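Reviewing the structure listed below.
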Amino acid sequence: MVAVVAAVLVLAASILIARWWRDSPTGAAFVAEFPGAVAPPPGTPEGFPAWLSWTHFLNGFFLLFIVSSALHLRSKARPIAFVTRRNRLPRTANPPKRLGLHTWWHLVVVVLWIATGLVYVALLLVSGHWARIVPTEWSVVPNAISAGVQYLSLDWPAHTSWAYYNSLQVLFYGATVFVAAPLALATGLRLSPVWPERWMRNHGPLSDAWARQTHSLVLWFYLAFTVVHVGLVLLTGARRNLNAMYLGIDDGESWLGAVVFAGSVIVMAVAWVLLRPHAQVAIAERVADVRRMPVAPR
């Protein structure tokens, strides 16, 4: 509770400072010189193709279960079952390790998330849409600062997302795709059962402590990014943003994108209810050897 109150007070103070600085001659001149966005290179495609909408939804869908299973692992709660992979495909010289249900489920959804990410990145590079989220000149930095001040002052930057993102979005979207995701994958592999023992170290980037701390930081980054991202989508022209992201149209009047968005949220909520640990055990039993644990006495 104290942390929540402190966060609200810090946010309120930040808004007041941003509003004061923006109204000052120095701040006004800075925003005038750096309005908050830099146009991408000529020929960069506009809009949101269908593959972007689908991979965006699937990324959020799998991320929901990645985070939930990660929080189960952090709580160190006793799993209701243990799962052992059947040594068939791929067949390994050493016998498969037994995994707690939460660890097994975490690895399953991570594999699906990675597959979605690889498709997304491949299409991003082939289509040329990569230029929308990768900085191509240094002026992105002061423009990102300007955009941040404009957001904090509650006077939003110009909405140009159909053609190109503002500079703050470019930095965060690019970092999420090309920095946070690979870092999550690398540290997750280090902590997974498939990591060779000969590559483990007691100190440095290959140590358990470093990998766990970094993996945890990436987890909290994704949580914070999701909250801010969804909040700004809804606050900075919800209908236009949702129509663009879910329907691929530049329309600020139609409610159809909002309906599709609501439907996607319902799908995720239903999946959340249906894919609880007991359902995960049923899925695991189809592909692996499962040992159910007796119910702990009350």
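Can you tell me the relative contact order of segment 34-291? Whole percent, Cα pairs under 8 Å, sequence separation 6 or more.
Rounded, it is 28 percent for segment 34-291.
Between Val121, Ala269, Phe82, whose Cα lies farthest towards the positive end of the dipole of the chain when Lys and Arg beta carbons carry +1 and Asp and Glu beta carbons carry -1, centred on the Cα centre?
Phe82
Sort out for me the Cα centre separation of segment 13-34 from segment 241-282, rounded to whole Å.
Here the answer is 37 Å between Cα centres.
What list do you get for Met245, Met200 if you sort them by fewest beta carbons within 10 Å?
Ranking Met245, Met200 by Cβ neighbours within 10 Å, fewest first, gives Met200, Met245.
Please give the charge dipole size of segment 162-298, origin at the Cα centre, charges +1 on K and R Cβ atoms and -1 on D and E Cβ atoms. Round to the nearest 20 debye.
580 debye
Could you tell me how many degrees, from 0 to 90 and to the nearest 10, lie between the Cα long axis of helix 256-274 and the main elongation axis, the longest principal axis, of the Cα atoms of the chain?
20 degrees
I'd like the antiparallel share, as a percent to the nearest 5, of DSSP beta bridges with both residues in segment 34-291.
Taking every DSSP beta bridge with both residues in segment 34-291, the antiparallel ones total about 90 percent.
Calculate the dipole size of the chain relative to its Cα centre from +1 charges on Lys and Arg beta carbons and -1 charges on Asp and Glu beta carbons; express the result in debye to the nearest 20.
2000 debye
Once every DSSP H run of n ≥ 4 in the chain is given -39500 (n - 2.57) and the sum is divided by its residues, what mean residue ellipticity at 222 nm do you get, rounded to the nearest 500 deg cm²/dmol?
-21000 deg cm²/dmol
Please order Lys97, Lys76 by the number of other Cβ within 10 Å, starting at the fewest.
Final ranking by Cβ density, sparse to dense: Lys76, Lys97.
Please find, in a Gaussian network model of the chain (springs between Cα atoms separated by less than 10 Å), the residue of Leu16, Leu191, Leu71 whose mean-square fluctuation is greatest.
With Cα springs under 10 Å in the chain, the top fluctuation among Leu16, Leu191, Leu71 is at Leu16.
Pairs of Cα atoms under 8 Å, at least six residues apart: use those to get the relative contact order of segment 37-103, whole percent.
It comes to 28 percent, rounded to a whole number.
Subtract the Cα-Cα distance of Phe30 and Ala7 from 0.36 nm times their separation in residues, and report this length gain in nm to one decimal.
5.5 nm
Listing Val259, Val31 from the residue with the fewest other Cβ atoms within 10 Å to the one with the most, what is the order?
Val259, Val31
Within 10 Å, count the other beta carbons around each residue, average over each peptide in 172-184, 98-110, 37-49, and list them highest first.
Per-residue Cβ counts within 10 Å, averaged per peptide and sorted highest first, yield 98-110, 172-184, 37-49.
Can you work out the FRET efficiency for the pair Asp208 and Ala77, with r the C-beta to C-beta distance and R0 = 22 Å, to the nearest 0.05?
0.60
For Phe178 paired with Arg291, estimate the spin-label separation in nm (one decimal), with each label point 7 Å from Cα along the Cα-to-Cβ line.
Spacing of the two 7 Å Cα→Cβ label points: 4.7 nm.
Run the numbers for Val228 and Ala115: contour at 0.36 nm per residue of separation, minus the present Cα-Cα distance, in nm.
Separation in residues times 0.36 nm, less the Cα-Cα distance, equals 38.2 nm.
We did not get these values from a lab; they are worked out from the coordinates using the rules stated. Everything quoted here is computed from the prediction, not taken from an experiment. So basically every Cβ, Gly included, is an ideal-geometry build from the backbone, and we count neighbours across all protein chains shown.
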